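Input: a single structure, listed below in structure tokens.
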Amino acid sequence: MAFFTVLCSLVLLGAAVPAWSDTITDKHSLYYIYTALSKPVEQPGIYEFTAMGLLDDRQIDYYNSEQQRKIPTQQWMKEKMQEDYWEKGTQSRKSKEQWFNVNVDILMKRMRHNESDVHVLQWRHGCEIEKNGDEVKFSKGIDEYSYDGENFLSFDDKESQWVAPVDAALPTKRKWDNVPILNQYTKGYLEKECVDWLNKFREYGDEVLKKGSPPKVHVFAKRCISDKTKLKLTCLATGFYPKDVMLTIRKYRTSLSAEEIESTGIRPNHDETFQLRNSVIIQEDEKAEYDCFVSHRTLKEPVIVKWDGKCQDCPPETIVGMIGGVIGAVIVLAVVLVVVFILTKKKIIAFNCRNGQERSNDEENVSLQVGPANASNRSNSNASSSQVDGTPSV
């Protein structure tokens, strides 16, 4: 562990989420994430340097540049790991913090970035395993860096070499590839040491980690923002753990294609559970039967929730009818007024007022007099880690 604590590194915040499948294979992961800023940000809860460990997507430890102590974030970690583990971990995190401070500056100069803006160097490294009964199989190892949210450098575990997706990372790739022991250790850590720690942590926290949380499923429709004549039908699964889930929107019990679906991707909730929203645009007067189909390892059988055909933010039909009636009345009144105005202009009709009364040119007590031919027709008118201490710089 002492060796893995020196390597500095990255986290890709938008890492892909594997799809859930009803299989006996059990997947587990252990990752360490480090984030360094080029200068302080005067915002509460945001530090120049942070580090954390994630076991099966749950945080197990934490460190920041203000407190400068590696601390447990799970009760079972506090109970199972000895005090010297946390002391050594604190020293390791301090070493990484220093390494990051130096290398953020190096990359800023290499990229020719000014010091007035905030720049971010991140590292994520760890491993994933598949467990089938008593058999544990290494699935993959990840060791990758990003700069300002873009991929910068990653380790190819199979080829034991670094991969530079951008030209600015080529000097670092050449420098690190020329240190064979570094690449050998990185590969060994990902495939062996990381897996050992993962299994140990899983054993310690088994009672807590094996407790899953089933998804709560909701389906609703709202008026589409981009097209008010259509609705956005959404299926929401939330409160589930582990994070692997299968959520589909079905029409007449047939799953819609991926091209029709807009998805938020799996996102964390505040309570270490996850949520996922999938949506589809439909006609406002859609009469088809839609439902949400959700599968999760905590469920004995899939959950199916049907859409009730209602729109949450559409006005009730009675109100729409009233509005239509009012609009119709206004239009009719406007037409009448225009006709009256035109007829008045053409002197086909006339309004004369004397002593508060309307009179015709003939001084007769009428409110509206049509032309001479119709003089008899009258009517009233109303109006919302692993590169260890001693890792070369980038």
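The values are calculated or read from the model by the stated rules, or taken from the named source; none is laboratory data. All figures in this text were calculated on a predicted structure; none of them were measured in a lab. A quick note on method: Cβ atoms are made from the backbone with ideal geometry, for glycine too, and the neighbour counts reach across all protein chains shown.
Within the stretch 63-121, restricting attention to residues that are under 30 Å from the mean Cα position of the chain (by Cα) and among the aromatic types (Phe, Trp, Tyr), the residue that is farthest from ASP148 (Cα to Cα) is TRP76.
Tallying residues that are out of contact with any Phe, Trp or Tyr (no Cβ under 8 Å at 6 or more places or on another chain) and buried (at least 17 other Cβ atoms within 10 Å of the Cβ) within the stretch 188-219 yields 6. Total residues in the stretch 46-79 satisfying the condition of being in a helix (DSSP H, G or I) and in contact with a Lys or Arg (Cβ under 9 Å, 6 or more places away or on another chain): the figure is 0. Would it be correct to say that TYR62 is buried (at least 20 other Cβ atoms within 10 Å of the Cβ), among the hydroxyl-bearing types (Ser, Thr, Tyr) and in the same structural domain as TYR145 (by TED's automatic domain parsing)? Taking the combined requirement at face value, the residue does not satisfy it. In the stretch 202-215, the residues that are within 21 Å of VAL136 (Cα to Cα) reach residues that are among the β-branched types (Val, Ile, Thr) with C-beta atoms within less than 6 angstrom, at least six apart or across chains, in these pairs: GLY212/THR298. Scanning the stretch 119-137 for residues that are polar (S, T, N, Q) and at pLDDT below 95 returns a single hit, ASN132.
Restricting the first member to the stretch 108-135 and to residues that are among the aromatic types (Phe, Trp, Tyr), and the second to residues that are modelled with pLDDT of 95 or more, the beta-carbon pairs closer than 7 Å and six or more apart or on different chains are TRP123/TYR34; TRP123/TYR145. Residue count for the stretch 172-215, restricted to those that are of a type in the set (Val, Ile, Thr), farther than 30 Å from LYS243 by Cα and not in a loop (DSSP other than H, G, I, E, B): 2. Which residue, of ASP26, ASP57, is farther than 22 Å from TRP99 by Cα and touching a Pro at 6+ places or on another chain (Cβ under 8 Å)? Answer to the selection: ASP57.
Any residue in the stretch 84-106 that is more than 14 Å from ILE33 (Cα to Cα) and in a loop (DSSP other than H, G, I, E, B)? Looking through the stretch 84-106, none of the residues is more than 14 Å from ILE33 (Cα to Cα) and in a loop (DSSP other than H, G, I, E, B).
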